[in-house]
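Input: a single structure, listed below in structure tokens.
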Amino acid sequence: MSGPRIAVYPGSFDPITRGHEDLIRRAFTFADRVVVAVAVNAAKQPLFTLAERVALIQQAVATPHVDVRSFEGLLAEFARSVGASVIVRGLRAVSDFEYEFQMALMNRNLAPGIETVFLVPAFDLTYLSSSLVREVARFGGDVSQLVHPAVQQALHQKFGR
Ligand code: PNS
């Protein structure tokens, strides 16, 4: 295989956390370019709009060779459309596994040339999730260690603090 290795890192990113940032950095051990793919995800009711989620990622990850894109529909189609050879997902706990395994198999079925690679986050970030961050911020807890300052400010604005 020739040309740059492109990895797609998909998710809802509602909002991006230090855990996501860590995974993007780790993806560069095998990718030349990382496309952070923000799902429209009609099934979920996100706290942040699609445009807000994209803008927050761009502020939190101002790194060369990272593109932030939104996508609607199948991840496998999107990954193919950007020329990706790899889909990156994070695995934090055993509870993540079943859903992730199903998704990886289905994505391989839909796009046989694209491999899913699971990355383990830094030890001190394994407990972290966007939903926990939203909940802590909603009740006025300190999220400064968990998210980029731009995300912290956006959370404060959302919750009127
Ligand atoms: O951060 P999340 O919410 O765990 O991300 C889930 C996401 C967006 C990666 C997943 O729901 C997805 O890929 N959605 C796109 C639609 C799709 O391709 N569904 C079939 C996957 S097998």
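The values are calculated or read from the model by the stated rules, or taken from the named source; none is laboratory data. No experiment lies behind these values; they were computed from the predicted model shown. Using ideal geometry, Cβ is built from the backbone for each residue, glycine included, and neighbour counts are taken over all protein chains shown.
Only one of these conditions is not met by Val136: (1) β-branched (Val, Ile, Thr); (2) within 15 Å of the ligand (Cβ to nearest atom); (3) without any contact (Cβ under 8 Å) to a residue 12 or more places away in the chain. Which number is it?
So the condition that Val136 fails would be (2).
So in the stretch 23-41, with the set limited to residues that are within 9 Å of the ligand (Cβ to nearest atom) and of a type in the set (Val, Ile, Thr), which one is farthest from the chain's Cα centre (by Cα)?
Val40
Under 6 Å between Cβ atoms, which residue pairs at least 6 apart in sequence (or on different chains) link something in the stretch 83-102 that is small (Gly, Ala, Ser) with a partner that is assigned to a helix (DSSP H, G or I)?
From residues that are small (Gly, Ala, Ser), the pairs are Gly90/Leu23.
State whether one or more residues within the stretch 11-22 are more than 10 Å from the ligand (Cβ to nearest atom) and surrounded by fewer than 17 Cβ atoms within 10 Å (Cβ to Cβ).
Scanning the stretch 11-22 turns up no residue that is more than 10 Å from the ligand (Cβ to nearest atom) and surrounded by fewer than 17 Cβ atoms within 10 Å (Cβ to Cβ).
Any chance the stretch 45-60 includes a residue that's surrounded by fewer than 17 Cβ atoms within 10 Å (Cβ to Cβ), farther than 17 Å from Pro15 by Cβ, at pLDDT below 95 and not acidic (Asp, Glu)?
no
State the number of residues belonging to the stretch 57-77 that are near the ligand (Cβ under 8 Å from one of its atoms), assigned to a helix (DSSP H, G or I) and either under 18 Å from Ser130 (Cβ atoms) or in contact (Cβ under 8 Å) with a residue 40 or more places away in the chain (or both).
Number of matching residues: 1.
If a residue has to be near the ligand (Cβ under 8 Å from one of its atoms) and touching a Ser or Thr at 6+ places or on another chain (Cβ under 9 Å) to count, how many in the stretch 83-103 make the cut?
Number satisfying all stated conditions: 2.
Modelled with pLDDT of 95 or more, within 18 Å of the chain's Cα centre (by Cα) and either surrounded by 12 or more Cβ atoms within 10 Å (Cβ to Cβ) or of a type outside the set (A, V, I, L, M) (or both): does that describe Val151?
It is true that Val151 is modelled with pLDDT of 95 or more, within 18 Å of the chain's Cα centre (by Cα) and either surrounded by 12 or more Cβ atoms within 10 Å (Cβ to Cβ) or of a type outside the set (A, V, I, L, M) (or both).
Which of (1) among the β-branched types (Val, Ile, Thr); (2) under 20 Å from Phe30 (Cα atoms); (3) away from the ligand (no atom under 16 Å from the Cβ) is the odd one out, the single condition Val143 does not satisfy?
Of everything listed in (1) among the β-branched types (Val, Ile, Thr); (2) under 20 Å from Phe30 (Cα atoms); (3) away from the ligand (no atom under 16 Å from the Cβ), Val143 misses just condition (2).
Regarding Gly160, is this residue within 16 Å of the ligand (Cβ to nearest atom) and closer than 21 Å to Pro46 by Cβ?
So Gly160 does not fit the description; no.
So Ala39 passes all but one of these: (1) touching a residue at least 60 places away in the same chain (Cβ under 8 Å); (2) crowded, with 19+ Cβ neighbours inside 10 Å; (3) in contact with a Ser or Thr (Cβ under 6 Å, 6 or more places away or on another chain). Which condition number does it fail?
Among (1) touching a residue at least 60 places away in the same chain (Cβ under 8 Å); (2) crowded, with 19+ Cβ neighbours inside 10 Å; (3) in contact with a Ser or Thr (Cβ under 6 Å, 6 or more places away or on another chain), the lone unmet condition for Ala39 is (1).
All but one of (1) in a loop (DSSP other than H, G, I, E, B); (2) out of contact with any Gly (no Cβ under 8 Å at 6 or more places or on another chain) hold for Tyr99, so report the exception by its number.
(1)
Of the conditions (1) more than 13 Å from the ligand (Cβ to nearest atom); (2) among the hydrophobic types (A, V, I, L, M, F, W, C); (3) modelled with pLDDT of 95 or more; (4) surrounded by fewer than 14 Cβ atoms within 10 Å (Cβ to Cβ), Leu119 fails just one. Which one is it?
(4)
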